[in-house]
Amino acid sequence: MKTIILKTILIINLLFLYNCKAQTTSDYISFYNGVVPKLNTLVSNKTQFYGQNFSNFYNELLNKQVGIVMLNYDTKTDLDTELYVLTLTFSETNMLTTATENSFQYPIVSVTFENEIPSQIKTLVTQYQAKWNPTFAQFFANMKIEKIKFIGINGYNSSDRTVK
């Protein structure tokens, strides 16, 4: 679990290097306080999506007006080679600079699937520069969810880094 979080943080940090637009602390706090309460409403009900198609969870995100902006994929553990984990972020990478500079939490949702993510994901992520779009929604739509983790939703400046 720690390795997935560390890989996610590393990838997010690399992504923010590609975006030059500066954001203020108040912009970040506004973003965080807008999206995290919506994500928190899903935490207590996340198990209802286990064994269900990703499209059900995605539709619930849309119903809560939580838009996925970027994605990444990963293995379950460092020793695995198969891809099972989809990591979702909800803002452009330019917000990461402010979050990182201020040691703020950054909201992420990690979705582990029951079956391996098809290898075409690598090509799609490269093609679309990891930006979420309807192609990704369709690609994951019928994949069954094994578990969901909510990361970085304990308060933007909280020292509590507990995964929910």
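No value in this document is a laboratory result; all are computed from the given coordinates. For clarity, every value in this text was computed on a predicted model and none was experimentally measured. Please note: Cβ atoms are built from the backbone with ideal geometry, for glycine as well, and neighbour counts cover all protein chains shown.
Taking label positions 7 Å along the Cα-Cβ direction at both S44 and L62, the computed distance is 2.6 nm, reported to one decimal.
With all pairs of separate Cα atoms included, segment 2-151 yields a Kirkwood hydrodynamic radius of 15.8 Å. In the chain, helices alone account for a calculated mean residue ellipticity at 222 nm of -12500 deg cm²/dmol, with every DSSP H run of four or more residues adding -39,500 (n - 2.57). Each residue in L71, L62 was given a count of other beta-carbon atoms within 10 angstrom of its own, and listing them fewest first yields L62, L71. Amide H to amide H, with H built 1.01 Å from N, I117 comes under 5 Å of L83, Y84, counting only residues 5 or more places away or on other chains. Backbone phi angles across segment 69-74, fed through the Karplus curve with coefficients 6.51, -1.76 and 1.60 (θ = phi - 60°), yield HN-Hα couplings of 10, 10, 9, 8, 10, 7 Hz in residue order; Gly and Pro are listed as x. Available extension along the chain between T135 and R161 is 6.1 nm, counting 0.36 nm per residue and deducting the alpha carbon span. Taking a point 7 Å out from the Cα of Q52 in the direction of its Cβ, the residues of segment 103-131 whose backbone N falls within less than 20 Å of it are 108-115. For segment 127-135, backbone phi angles converted through the Karplus equation (6.51, -1.76, 1.60; θ = phi - 60°) give residue-by-residue couplings of 4, 9, 6, 6, 8, 4, 7, x, 4 Hz, Gly and Pro being listed as x. For segment 34-40, 3J(HN,Hα) computed residue by residue from phi via the Karplus equation (6.51, -1.76, 1.60; θ = phi - 60°) reads x, 8, 5, x, 5, 5, 4 Hz, glycine and proline entered as x.
Starting from the Cα-Cα distance between T77 and I29, subtract it from 0.36 nm times their residue separation and give me the gain in nm to one decimal. Write out the running numbers ahead of the final one.
Working: separation 48, 0.36 × 48 = 17.28 nm, distance 3.21 nm.
Fully extending the segment from T77 to I29 adds 14.1 nm.
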